[in-house]
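Student: Dropping a structure here in structure tokens format, bear with me for questions.
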Number of protein chains: 2
Amino acid sequence: MAIKGGQIKDTHIENLAKIVGTSAILYKKEDLLAYDCDGFTIHRHLPKAVVFPNSAEEVAQIVKYCHEHDLPFLARGAGTGLSGGAIPLNGEVIISLTKMKRLVSVDLENRRAVVEPGFINLKLTYSIADKGYYYAPDPSSQYCCTIGGNVAENAGGAHCLKYGVTTNHILGLEVVLPNGEMIEISTNGVLDPPGYDLLGILTGSEGTLGIVTKITVRILKNPEAKQTVLAYFDKVSDASQAVSDIISAGIVPAALEMMDKTAIEGVEAAAFPVGHPKDIEALLLIEVDGISAGIDEQIQEILKVCRSRNVREVKVAQDEKERERWWANRKTGFGAMGAISPDYLVQDGVIPRSKLPEVLERIRQISEKYGLRIANIFHAGDGNLHPLVLFDSRKPGETEMALAAGSECLQACADAGGSITGEHGVGIEKREEMRFIFSDEEIAAQTNIRDVFNPKNLLNAGKLFPTPGRCVEVKRNEKMK
Amino acid sequence: MAIKGGQIKDTHIENLAKIVGTSAILYKKEDLLAYDCDGFTIHRHLPKAVVFPNSAEEVAQIVKYCHEHDLPFLARGAGTGLSGGAIPLNGEVIISLTKMKRLVSVDLENRRAVVEPGFINLKLTYSIADKGYYYAPDPSSQYCCTIGGNVAENAGGAHCLKYGVTTNHILGLEVVLPNGEMIEISTNGVLDPPGYDLLGILTGSEGTLGIVTKITVRILKNPEAKQTVLAYFDKVSDASQAVSDIISAGIVPAALEMMDKTAIEGVEAAAFPVGHPKDIEALLLIEVDGISAGIDEQIQEILKVCRSRNVREVKVAQDEKERERWWANRKTGFGAMGAISPDYLVQDGVIPRSKLPEVLERIRQISEKYGLRIANIFHAGDGNLHPLVLFDSRKPGETEMALAAGSECLQACADAGGSITGEHGVGIEKREEMRFIFSDEEIAAQTNIRDVFNPKNLLNAGKLFPTPGRCVEVKRNEKMK
């Protein structure tokens, strides 16, 4: 075979090509450029090669090969991750799972479906919609992100307030461990399965513990009814208070989203404008769903709460078309920033709901300090903030300023008793910010688990934990033994 | 000090007494007898000593002492566990957490409470009931079991169908690791916290990874309304079908319980008889809760389903008193077997709801084969069966037959694609049955995690995994390295 690899030895390329076929491997520099980053575009690194296995067995063979030859490797889905989890920091061999995109089976009676990791999130819902079912986790990228990637990042979405995040919907995983062995982990349909919660550890492990090759997910029956409210406020504090009041009233909305003035400016300039007033300070998008009986009463209660908090205008979506338009407007939120700024950095902090006004004020001060606009879009119901730092990477030093401002926003969340990520993961982006919330001992307790699964640290090394970190880990290992 | 320990060296007793005080240690054989088993009474072993620390720091000191002197140890809450998790199989030093029973704080605004591990489950609900809040996980033993024990076993309960099990309600843990170090793990209020899911691994680890000294739990607002239905069926198959129909109708009941004829005979002979007809084959106890609007419609739908499945009689609880009586009757279920049999063994299998009729038939055959009556009480909504094998331990060989019958019931659940435990844990009881659902590799993936936390295996050794097991683990360790 006359394959020439620019990045690794030709024999490695040849041997990997033997596993997947010569048409399922990329190794020339020009072909590798598309794989130098994911949705976190600030760091870029070239992989040594990209392979496209077609089955779990091929994944296992590739992993075994890399393991034996000490080649770093990582798995990649659609590459939509926002924290850099799929960036080949060490020139990894990328195992792209985009060819493994089969819907393996659907079991409506027991509400389960089995998919391969490259299966697109929204396609699952489309595949079962005519039977009246859907898959709940709905990250904004759901039209293109893969369920394998969702598992790696424990993806959330607008509706996770009521329905939970990916981990709450995973019933089983087939996993290739970093040495090439395969295991199956399953709840067997049980709420409290025997043994340790390996499903929990794998889900959200950001591709550092194993490569998922098959996924059993829970599917849900479509709610009988859905209603959606849009509320405009002159003051952020009133909108925040309305959020608390709705939850206090015992209502669990399916979604409870908030956007501030800058965010509204962005979404109105982007693909799906709704005609939101330009001079409001905040809007809430609130959805309730469930059986028909009771929905109207919940909507009335929500309208009452909004009015008691000085809402300027509040309305209920008149039909499915209007509802969809409101959601399309919201879901373009991040990308929409491109319409009002050359670049933007998405942050992803979490705070207790009660701290919302105080943290928003601190974010305003950070924005002033750095002279950078910060838009806020957030899952207000669960206190998951997405400060969007707007900047221009062509201006010298502004990228660094944006990163610093983003980090300060996360510090504000940590100081308020919250956390540095709600759903986007740590990846490369927030490695150092892990120290805002974890002690050395606590980080070591985690890296020790990684080392059990991934003792050679060839799989997606350098992610999720602070660097230089190693000294902490070594210290810990000594202490624990 | 003139302390004499019957089971371990006097110096150990003296040194442990220095940590907790001489009045907070038991070491005489007659005092230790009460600690030779928990709710699983078939295995009995004497501990070497029982210590009663008063603080996390004391727990850490005891653990450090045991770690340094290679003394096996384990933690114990109220001792209500049904799988033997707190039995000192190796003559462990028992660390009883019953003195650490403080309610540390309640934060209604952010819906959290912090408790010490010895705090009684139901007391938490009592403590916040006047403010309109409650703690959801409700094992039948909730009036006496501790929240620390609930964390260890990931306890469920009748209402976990809608509200989830303990792991879904734990927001943070303070943990003493098996070497005496302390770490804090917290979600910081996040649905998808950064790093690996240590909370998930610790919760349900059956006391093998660490000792929990403080627990942050989620508290919920009382549902505005609750209604409860009791339905009597002449055929188990009709009752099973009604369960499926209710779920298919899109209703998520707060609880959906089933009892068969033998179980009904027991509860009617016990402390809280309701007057159930003696000749029915099955009853369903169904509860819906939520905001008032819509509850009536759900109840009407449930009544309709029951009638379409040939219900003999169906009624709605007329007031809170009647509702409570129905629940008291159900919650005595296990103990009630004492009224109709000298001994009973509780099993705890799980099956897909659709396999209910087929597995019940197999359990009937097992009952016939062994000539032992088997009562069935179960959380039908989530397919969690509790076959109660009735036997008389005074008759030679009958205990062994009961154990064998129980194990066959679990095999039936595993064969149906289910699992060997739904909420009681593996403990000593179901160690061998782990092989029904896990391969050697899968068990090794778990024991490897244990060894990271618990490298000397002094903490609660011999639980949760099959014996001799060691050879599997060793094999695995070699393969992974």
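Student: Whole number in Å², please: accessible area per residue of the protein assembly as shown, 1.4 Å probe, ligands, DNA and RNA not counted.
Tutor: 36 Å²
Student: Which residues belonging to segment A:280-300 lose at least 10 Å² of 1.4 Å-probe accessible area when the assembly is complete, relative to their chain isolated?
Tutor: The answer is A:Ile291, A:Ala293, A:Gly294, A:Glu297, A:Gln298 - residues whose exposure falls by at least 10 Å² when every protein chain is included.
Student: Now a separate question. Taking 0.36 nm per residue of sequence separation and subtracting the Cα-Cα distance, how much length would be gained by fully extending the chain between A:Asp234 and A:Arg394, in nm to one decimal?
Tutor: Going from the current span to full extension adds 54.1 nm.
Student: Would you kindly work out, in nm and rounded to one decimal, the distances from the label point of B:Arg44 to those of the same position in each other copy, ordered shortest first, with label points 7 Å along Cα-to-Cβ?
Tutor: In ascending order, 7.4 nm.
Student: Short version: which residues of segment B:191-215 lose at least 40 Å² of accessible area, all chains versus chain alone, 1.4 Å probe?
Tutor: B:Leu191, B:Asp192, B:Pro194, B:Gly195, B:Tyr196, B:Asp197, B:Leu198, B:Ile201
Student: Right, here's the next one. Given contacts defined as C-alpha pairs under 8 Å and at least six residues apart, what's the relative contact order of segment A:223-340, whole-number percent?
Tutor: The value is 45 percent.
Student: What accessible area, in Å² to the nearest ten, does a 1.4 Å probe give for A:Arg435?
Tutor: We get 100 Å² for A:Arg435.
Student: A follow-up question, please. Between segment B:150-164 and segment B:340-379, what's the alpha-carbon centroid distance in Å?
Tutor: 21 Å
Student: Taking a point 7 Å out from Cα toward Cβ as the label site, list the nm distances between B:Asp392 and the same residue in every other copy, smallest first.
Tutor: Relative to the other copies, B:Asp392 has label-point distances of 9.3 nm.
Student: Let me ask another. If you roll a 1.4 angstrom probe over the protein chains with everything in place, what fraction of the accessible area of the protein assembly as shown belongs to carbon and sulfur, to the nearest %?
Tutor: 50 percent
Student: Given the -39500 (n - 2.57) contribution per DSSP H run of 4+ residues, what per-residue ellipticity at 222 nm results for the protein assembly as shown, rounded to the nearest 500 deg cm²/dmol?
Tutor: Rounded to the nearest 500, the figure is -10000 deg cm²/dmol.
Student: If I take every Cα pair under 8 Å that is 6 or more residues apart in chain A, average their sequence separation and divide by the length, what percent do I get for the relative contact order?
Tutor: That works out to 14 percent.
Student: Here's something else I'd like to know. Note down the accessible area of B:Ser308, probe 1.4 Å, to the nearest 10 Å².
Tutor: Rounded to the nearest 10, the figure is 80 Å².
Student: Here is a further query. Starting from 0.36 nm per residue, how many nanometres of slack lie between A:Glu432 and A:Thr41 once their C-alpha separation is accounted for?
Tutor: 139.0 nm
Student: Multiply the residue gap between A:Asp70 and A:Leu33 by 0.36 nm, knock off their C-alpha separation, and tell me the result in nm, one decimal place.
Tutor: 11.0 nm
Student: Summed for both chains, how many Å² of accessible area, to the nearest 100, are buried between A and B with a 1.4 Å probe?
Tutor: Between A and B, the summed buried area is about 6100 Å².
Student: Just report the Cα centroid separation between segment A:270-306 and segment B:439-460, whole Å.
Tutor: 50 Å
Student: Listed here are the pairs A:Lys214/B:Lys235; B:Lys48/B:Lys430; B:Lys64/B:Lys430; A:Lys162/B:Lys430; which of them are more than 28 Å apart at the Cα?
Tutor: A:Lys214/B:Lys235; B:Lys64/B:Lys430; A:Lys162/B:Lys430
Student: If you take the beta carbon distance between B:Glu320 and A:Thr467 as r and set R0 to 60 Å, what does 1/(1 + (r/R0)^6) give as a FRET efficiency, to the nearest 0.05?
Tutor: 0.55
Student: In nm, give the distance between the simple-model label positions of A:Gln365 and A:Glu57, each being 7 Å from the Cα along the Cα-to-Cβ direction.
Tutor: Distance between label points: 6.2 nm.
Student: What nm value, rounded to one decimal, do you get for the distance between A:Glu14 and A:Cys144 when each label is placed 7 Å out toward the C-beta?
Tutor: The answer from the label model is 3.8 nm.
Student: Related question: For a Förster distance of 30 Å, can you work out the FRET efficiency between the beta-carbons of A:Asp296 and B:Phe272, rounded to the nearest 0.05?
Tutor: 0.15
Student: Which FRET efficiency value, to the nearest 0.05, do you get for B:Val106 and A:Ser244 by plugging their Cβ-Cβ distance into 1/(1 + (r/R0)^6) with R0 = 25 Å?
Tutor: Plugging the Cβ-Cβ distance into 1/(1 + (r/R0)^6) gives 0.90.
The values are calculated or read from the model by the stated rules, or taken from the named source; none is laboratory data. Worth saying up front: this structure is predicted, and the values here are computed from it rather than measured. Positions of Cβ are generated from backbone atoms using ideal geometry, with glycine treated the same way; all protein chains shown enter the neighbour counts. The area values use the complete protein model at the heavy-atom level, side chains included, leaving out ligands, DNA and RNA. Shrake-Rupley method; radii C 1.70, N 1.55, O 1.52, S 1.80 Å.
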